[in-house]
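The values are calculated or read from the model by the stated rules, or taken from the named source; none is laboratory data. The structure displayed is predicted, hence computed values, not measured ones. Cβ placement follows ideal geometry from the backbone for every residue including glycine, while neighbour counts extend to all protein chains displayed. These accessible areas exclude ligands, DNA and RNA; they are computed on the full protein's heavy atoms, side chains included. Shrake-Rupley method; radii C 1.70, N 1.55, O 1.52, S 1.80 Å.
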Amino acid sequence: MAGAVLENVFKTFGETVAVENLSLSVDHGEFLVLLGPTGAGKTTTLRLLAGLELPDSGKVLVADADVTALPPAARDVAFVFQQYSLYPHYTVFENLAFPLRAPGRRLDAESIRKRVGEIAEMLRIGHKLNDKVTQLSGGEMQRVSIGRALVRKPNLFLMDEPLSSLDAKLREDLRVELKRIQRDLDATIVYVTHDQLEAMTLADRIGILQEGRLVQIDTPRVAYERPATVYAAQRLGSPQINIVDTGKLGLEDGPPNAATTGIRPEDITVDADQGEEAEIVAVEHRGDETIALIEVDGIRLHALLDAGISMEAGQRTRIAIRSEYAIWFDSQSRLIGSGATG
Amino acid sequence: MPDEAQRARRALTVSNRIASKLRGLSDTAIAWIFIGPTILLLLAINIFPLLWTIYLSFTNYRANQPGRPVRWIGTRNYERLLGSEDIWGYLQATAHFVIWTMIFQIVIGFGLALLINRNFRGASFWTTIILIPMMLSPAVVGTFWTYIYQPQTGIFSYIVDFFAGTGALDMIGSVALAPWSIIIVDTWMWTPYIMLLCLAGLRSIPDYLYEAAEIDRANALQRFWYITLPRVLPFLMLAVLFRGIENFKMFDLVVELTSGGPGSTTELASINLKREAFEKWRTGYSSAFAIILFVTIFGLGNIYVKVLNKVKS
Ligand SMILES: Nc1ncnc2c1ncn2[C@@H]1O[C@H](COP(=O)(O)OP(=O)(O)OP(=O)(O)O)[C@@H](O)[C@H]1O
Ligand SMILES: [Mg+2]
């Protein structure tokens, strides 16, 4: 059973093409993350699913029903907005209870109280239930607006960068919590982010968007190891993948039509016994890992240093590249093959 | 970001220091130079007259008899005022006028704002048309409404008669209708003002609030109650504060229309005040009345502002 489907959907705003011939399908109970830089059409895609925008052409299905022309209320979806969209001047409780009081969904006061309490505890805002939302911090407001989606049991959850305004610690906690909730509720979620770590950890599948087009949709592992294009490769992994012209740095054993090669920073070994002569340009200590910017043959590369190696800027060294993990692209930047799959 | 802010602040203090060195003046001195003229002006045309009025309200001074010795008579002016039936009548007429104009203007003004906010075609054209009354001079408005109100030839009487079959209506001349005649004109003139402020409130509401409500299946009433009203209320209350104070002091429109008549049915407080002060020349007595009005407005205004602040937070 499909949770939601977009079929050849187009959406333009005046001259801007926000979404171009987009087709994707989310299974029931699946956690789909849409990843892309700002302006890629992530929000527009969610709004199309919610019915807040109507497509210029194409079809939208939610829970196997064609809802292309139906208004948001008829689709039974929940939406967490990029901006916290709470009812001003009302308490946290009122805001959380609101969706349960809507016509056609009316619950009795006792079940509302119980459900709101559960969700508030889960999001750790239980002690704030009687506060006005205007008195909350940004992170608390964001949790209330997530809670407002979770109190219901809709066909489809749509979340637009819901964790972006939280601090790192809370973001990590909520990421785990959200994943757990999704499994417990068997919920179908389409989740938008431009944070690759969120995408990798939350997603059953990742959809990578580029200027309104879907470049790739795969499991995190496949998307990481076999990116469909150079662009997709650059979306996942931090620091970014190194893209080098084939033939340089001794990368010659690729397919004959390979034009560029992608090398992940973790596949470069620094301080090797043999290999290319290199100079360390800069070193970045991130606590648990160290990243070095290295110059070889006039090419700059990012490398993830092994624990225990300490390097300083200006130092000369030798690097080795694990070319068996290299990813090969043709002259149109499309994937030809990757070491991971032979 | 914080770096930038810090640098900017440092640059500012440096330039401040240079400026003060150049002129040999401290920051406080410069501040006084800037606000000094305003304070002098305020003292001369606001504070001094107020204190002088308070003094006069305890005397038997008459401005048309400058040679007469001014006698201190204590609180006798106040006693006479508060004991007089007429004064309560004028205050009642004023309250009637203020309350009804505010009710009509809030309801119609908010309604118009909601309509205009739908951004139909030609909305900005209609906004301009609606705003015209507000921009006219009260003297002009008063004068041409006396023509409109003419019982025999005026269009108002004609239209009401046409729809309700009331016969010729003497809006200005009849004791029952005269208070409503000034309420109607004030509403016609100042509803646009309330509409404008409500519109500012409505425009400040982001679309995504309504979108969230739509997804939550809120109906129109809930959307109004949960989103529109809380967002517009501070604006609306501010508009009512401004208009309420203005109408408490209403003078020009009423002088042009009814001059307080018939009898004293539309004799609002400020009209009576003018009569006492500049027709009967009871300067001390009218000073006391002015002080009473001032304290009333000031007190009501303060309570109102407290409520307003509560609503805003
Ligand atoms: N209502 C609108 N009117 C005009 N243009 C719009 C509108 N909504 C989106 N766009 C345009 O469509 C494109 C995609 O916008 P969208 O909001 O979907 O991007 P996004 O991927 O969500 O970006 P971000 O990460 O910044 O939120 C952008 O170029 C944007 O300017
Ligand atoms: Mg967005």
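Which residues, counting only those in the stretch B:112-126, are under 23 Å from residue B:186 (Cα atoms) and in contact (Cβ under 8 Å) with a residue 60 or more places away in the chain? If the condition is that a residue be under 23 Å from residue B:186 (Cα atoms) and in contact (Cβ under 8 Å) with a residue 60 or more places away in the chain, then B:112, B:113, B:114, B:116 are the ones that fit. Within the stretch A:23-53, restricting attention to residues that are within 12 Å of ligand 1 (Cβ to nearest atom) and charged (D, E, K, R), which residue is farthest from residue B:211 (Cα to Cα)? Only one residue fits best here, namely A:42. Note on the stretch B:235-245: residues that are within 14 Å of another protein chain (Cβ to nearest Cβ) and open to solvent by 30 Å² or more (accessible area, probe 1.4 Å) total 1.
Pick out the one residue from B:245, B:183, B:292 that is within 23 Å of the chain's Cα centre (by Cα), among the hydrophobic types (A, V, I, L, M, F, W, C), assigned to a helix (DSSP H, G or I) and over 30 Å from residue B:127 (Cβ atoms). Give the steps one after another, and end with the answer.
Details: B:245 fails: over 30 Å from residue B:127 (Cβ atoms); B:183 fails: over 30 Å from residue B:127 (Cβ atoms).
Checking each option against the conditions leaves just B:292.
For the stretch A:121-133, a residue qualifies if it is of a type in the set (A, V, I, L, M) and modelled with pLDDT of 90 or more, and exactly one does: A:129. Total residues in the stretch B:213-226 satisfying the condition of being facing another protein chain (nearest Cβ under 8 Å), part of a helix (DSSP H, G or I) and out of contact with any helix residue (DSSP H, G or I) (no Cβ under 8 Å at 6 or more places or on another chain): the figure is 0.
The residues in the stretch A:22-66 that are within 14 Å of chain B (Cβ to nearest Cβ) and under 15 Å from residue A:205 (Cβ atoms) can be counted, and the count is 0.
Can you find a residue in the stretch B:103-116 that is closer than 14 Å to residue B:195 by Cα, in contact with a Gly (Cβ under 9 Å, 6 or more places away or on another chain) and outside any loop (DSSP other than H, G, I, E, B)? Before you say what the answer is, go through the steps one by one.
Of the stretch B:103-116, the ones closer than 14 Å to residue B:195 by Cα are B:103-116.
Subsequent filtering for residues that are in contact with a Gly (Cβ under 9 Å, 6 or more places away or on another chain) retains B:113.
Filter once more, so that each one left must be outside any loop (DSSP other than H, G, I, E, B): B:113.
Within the stretch B:103-116, one or more residues are closer than 14 Å to residue B:195 by Cα, in contact with a Gly (Cβ under 9 Å, 6 or more places away or on another chain) and outside any loop (DSSP other than H, G, I, E, B).
Is at least one residue of the stretch B:169-180 more than 14 Å from chain A (Cβ to nearest Cβ), open to solvent by less than 30 Å² (accessible area, probe 1.4 Å), of a type outside the set (A, V, I, L, M) and in contact with a helix residue (DSSP H, G or I) (Cβ under 7 Å, 6 or more places away or on another chain)? So far as the stretch B:169-180 goes, yes, one or more of its residues are more than 14 Å from chain A (Cβ to nearest Cβ), open to solvent by less than 30 Å² (accessible area, probe 1.4 Å), of a type outside the set (A, V, I, L, M) and in contact with a helix residue (DSSP H, G or I) (Cβ under 7 Å, 6 or more places away or on another chain).
Is one or more of the residues making up the stretch B:84-102 open to solvent by less than 60 Å² (accessible area, probe 1.4 Å), part of a helix (DSSP H, G or I) and farther than 21 Å from residue B:178 by Cα?
The initial filter retains those residues of the stretch B:84-102 that are open to solvent by less than 60 Å² (accessible area, probe 1.4 Å), namely B:84, B:87, B:89-91, B:93-95, B:97-98, B:101-102.
Keeping just the survivors that are part of a helix (DSSP H, G or I) gives B:87, B:89-91, B:93-95, B:97-98, B:101-102.
From the residues that got through so far, the ones that are farther than 21 Å from residue B:178 by Cα too are none.
Within the stretch B:84-102, none of the residues are open to solvent by less than 60 Å² (accessible area, probe 1.4 Å), part of a helix (DSSP H, G or I) and farther than 21 Å from residue B:178 by Cα.
Could you go through the stretch A:122-142 and let me know if any residue there is surrounded by 20 or more Cβ atoms within 10 Å (Cβ to Cβ), over 18 Å from residue B:227 (Cβ atoms) and of a type in the set (A, V, I, L, M, F, W, C). Yes; the residues of the stretch A:122-142 include at least one that is surrounded by 20 or more Cβ atoms within 10 Å (Cβ to Cβ), over 18 Å from residue B:227 (Cβ atoms) and of a type in the set (A, V, I, L, M, F, W, C). Looking at the stretch B:188-206, can you tell me whether even one residue there is in contact with a strand residue (DSSP E or B) (Cβ under 8 Å, 6 or more places away or on another chain), within 14 Å of chain A (Cβ to nearest Cβ) and either part of a helix (DSSP H, G or I) or at pLDDT 90 or above (or both)? No, the stretch B:188-206 has no match at all. Taken over the stretch A:84-103, the residue count meeting the criterion of being at pLDDT below 90 and among the aliphatic types (A, V, I, L, M) is 3.
For every residue, the table says whether it meets (1) free of Cβ contacts under 8 Å to residues at least 40 places away in the same chain; (2) over 19 Å from residue A:84 (Cα atoms).
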{"residue": "A:164", "(1), (2)": "no, no"}
{"residue": "A:169", "(1), (2)": "yes, yes"}
{"residue": "A:179", "(1), (2)": "no, yes"}
{"residue": "A:187", "(1), (2)": "no, yes"}
{"residue": "A:191", "(1), (2)": "no, no"}
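State all residues of the stretch B:190-210 that are more than 30 Å from residue B:135 (Cβ to Cβ) and open to solvent by less than 30 Å² (accessible area, probe 1.4 Å); if no residue qualifies, say none. Listed by number, the list holds a single entry, B:209. I'd like to know if the stretch B:61-68 contains one or more residues that are part of a helix (DSSP H, G or I), loosely packed, with under 12 Cβ neighbours inside 10 Å and free of Cβ contacts under 8 Å to residues at least 40 places away in the same chain. No, the conditions are met nowhere in the stretch B:61-68. Just one of the numbered conditions (1) of a type in the set (Val, Ile, Thr); (2) under 22 Å from residue A:44 (Cβ atoms); (3) out of contact with any Leu (no Cβ under 9 Å at 6 or more places or on another chain) is not true of residue A:192: (3). Does residue A:56 satisfy the condition of being within 16 Å of ligand 1 (Cβ to nearest atom) and not aromatic (Phe, Trp, Tyr)? Here the answer is yes, as residue A:56 does meet what is asked.
Rundown of residues vs (1) more than 14 Å from chain A (Cβ to nearest Cβ); (2) in contact with a strand residue (DSSP E or B) (Cβ under 6 Å, 6 or more places away or on another chain); (3) farther than 25 Å from residue B:141 by Cβ; (4) part of a loop (DSSP other than H, G, I, E, B), yes/no style:
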{"residue": "B:228", "(1), (2), (3), (4)": "no, no, yes, no"}
{"residue": "B:233", "(1), (2), (3), (4)": "no, no, yes, no"}
{"residue": "B:253", "(1), (2), (3), (4)": "yes, no, no, no"}
{"residue": "B:262", "(1), (2), (3), (4)": "yes, no, no, yes"}
